[in-house]
Amino acid sequence: MTSARAPQPSALPRSLGLRYAIGMSDSSDACVVVLCTTPNADVGAELGRRLVEQRLAACVNIVPVVRSIYEWQGEVKDDGESQLLIKTTRSRVDELAQCIRKHHPYTEPEIIAVPIVAGSPSYLAWVREQTEPLRQG
């Protein structure tokens with residue numbers, strides 16, 4: 001029996017014009033996707049707008065309905081939620097997480113940062129540009 005293995009960076013297709021970010025995960029300007037669930041799409045939209053306005057995120061996609069099954073306080077829950085897909089950079093994750101914790105209705109909101117392995121160079125540049133703090137002066 002053989003086990004499936006993830007493709008190595010050299011085995012990933014190069015024909016799509018994507019920039020491969022393997023080995024760049026320690027860079028503060030590396031792009032990431034932060035996952036965060038909210039009780040509904042309206043709460044997600046309010047939180048997403050705040051993150052974009054504060055330049056903590058370049059873009060927030062809202063998947064309006066997902067089903068989450070989890071254990072909380074000794075009880076298995078089965079709830080409808082909305083899923084946020086938040087595009088930002090590693091350097092903004094800590095401040096983004098603080099903002100989520102401050103404005104999120106959950107006691108323990110989901111905040112999971114996932115590195116972007118590959119992406120359109122122009123899109124990734126746009127994410128970095130949109131999440132740069134504005135200079136005052």
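The values are calculated or read from the model by the stated rules, or taken from the named source; none is laboratory data. Keep in mind that this is a model prediction, so the values were computed, not measured. Cβ coordinates were reconstructed from backbone atoms using ideal geometry, including for glycine residues, and neighbour counts include every protein chain displayed.
Some values worked out for this structure:
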| read-out | value |
| --- | --- |
| Residue in the range 70-87 that is modelled with the lowest pLDDT, counting only those that are of a type outside the set (A, V, I, L, M, F, W, C) and out of contact with any Lys or Arg (no Cβ under 9 Å at 6 or more places or on another chain) | Gln73 |
| Scope the range 81-96; condition of a type outside the set (Gly, Ala, Ser) and not in a strand (DSSP E or B); matching residues | Arg90, Arg92, Val93, Asp94, Glu95, Leu96 |
| Residue check for Pro64: modelled with pLDDT of 95 or more and over 23 Å from Gln98 (Cβ atoms) | yes |
| Output for the range 47-84, where each listed residue is among the basic types (Lys, Arg) and within 26 Å of Trp126 (Cβ to Cβ) | Arg49, Arg50, Arg55 |
| Test: residue in the range 57-80 that is in contact (Cβ under 8 Å) with a residue 24 or more places away in the chain, farther than 18 Å from Thr38 by Cα and either in a strand (DSSP E or B) or not β-branched (Val, Ile, Thr) (or both) | yes |
| Residue, surrounded by the fewest Cβ atoms within 10 Å (Cβ to Cβ), within the range 70-96, restricted to residues that are charged (D, E, K, R) and under 16 Å from the mean Cα position of the chain (by Cα) | Asp94 |
| Unmet criterion (only one of (1) in a helix (DSSP H, G or I); (2) out of contact with any strand residue (DSSP E or B) (no Cβ under 9 Å at 6 or more places or on another chain); (3) surrounded by 11 or more Cβ atoms within 10 Å (Cβ to Cβ)) for Pro133 | (1) |
